[in-house]
Amino acid sequence: QPSEIRLLNIASGPCRDLLELYEDETIQTKIQTTCVEMDEHAIAYSKKMVQKHSGKINFIKKNILRFNCDEKFDIIWSAGLFDYFNDAVFVCLLQRMKKWLKPNGRIVIGNFNQDHNPSRTYMEVMGEWFLEHRSEAHLLALAQEAGYKNCKIAVEREQENVNLFLNISF
């Protein structure tokens, strides 16, 4: 197990998942996180949420489609962004992520499940909130299209089965 993990959190939002990660006492590895978020209000809120872990977290205010860096990460995580993208943008960003990943790295992309979202009608009719729901097969096909052919590609799901997680590891 590595002594330190470098994590890139794309569209980090309120950082609730990051706070949960940092407060998980079973994790013994040091984690250094770079959060890329374009909403300054989300960044301000997140900084308050993760204040006691602030020395381990760096925030960059940037649209991920314009983001670039030379740093390499062990894990690239994005849980609430790719459902806003059409397939072409999804594939393009997934291709760009390769150059941000260390050898033996891992990418995890969350996406609403096309086959199971009990709130979808409410989201769309009442909230006018339209997202790209995708199936497991669709996510696997997008990873292949992005060029991740010689990798371990799997789709995991949370217990409620509302969100799928495309998991690409080398």
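The values are calculated or read from the model by the stated rules, or taken from the named source; none is laboratory data. Worth saying up front: this structure is predicted, and the values here are computed from it rather than measured. Counting neighbours? That spans all protein chains shown, and the Cβs are built from the backbone with ideal geometry, glycine included. Just so you know, the surface numbers come from the protein's heavy atoms only, side chains and all, with ligands and any DNA or RNA stripped out. Shrake-Rupley method; radii C 1.70, N 1.55, O 1.52, S 1.80 Å.
Using the 1.4 Å probe convention, the accessible area of the stretch 38-116 works out to 56 Å² per residue with neighbouring protein chains retained. Placing a label point 7 Å from the Cα of residue 4 along the Cα-to-Cβ direction, the residues of the stretch 38-59 whose backbone N falls under 16 Å from that point are 54-59. Using C-alpha pairs below 8 Å separated by at least 6 residues, the relative contact order for the stretch 88-170 is 41 percent. Between the stretch 1-73 and the stretch 93-110, what is the separation of their alpha carbon centroids in Å? Spelled out, the Cα-based centre of one part sits 16 Å from the other. Charged neighbours of residue 8, selected by a Cβ distance under 13 Å, balance to +4 (K, R count +1; D, E count -1).
Rounded to the nearest 5, the antiparallel percentage of DSSP beta bridges internal to the chain is 40%. Partners of residue 30 within straight-line reach, counting aspartates and glutamates whose Cα lies under 19 Å from its Cα and excluding those fewer than 8 residues away in the same chain: 4, 17, 20, 71, 74.
Take every pair of alpha-carbon atoms less than 8 Å apart whose residues are at least six positions apart; their mean separation over the length of the chain yields a relative contact order of 20 percent.
Computing FRET efficiency as 1/(1 + (r/R0)^6) for residue 32 and residue 144, where r is the C-beta to C-beta distance and R0 is 30 Å, gives about 0.45. Give the shape of the stretch 4-45 as rounded, prolate or oblate, defined through the alpha-carbon gyration tensor: a ≥ b ≥ c are the square roots of its eigenvalues, a/c under 1.5 means rounded, and otherwise the shape is prolate if a/b is larger than b/c and oblate if not. Verdict is oblate for the stretch 4-45.
What is the percent carbon and sulfur in the accessible area of the chain, measuring with a 1.4 Å probe over the protein chains and ignoring ligands? Ligands and nucleic acids excluded, carbon and sulfur give 50 percent. Partners of residue 52 within straight-line reach, counting aspartates and glutamates whose Cα lies under 12 Å from its Cα and excluding those fewer than 8 residues away in the same chain: 23. Listed by chain and number, the lysines placed with their C-alpha closer than 22 angstrom to that of residue 99 are 61, 62, 72, 149, 152; residues fewer than eight positions away on the same chain are left out. Between 106, 157, 16, the Gaussian network model of the chain with springs among Cα atoms under 10 angstrom shows the greatest mean-square fluctuation at 16.
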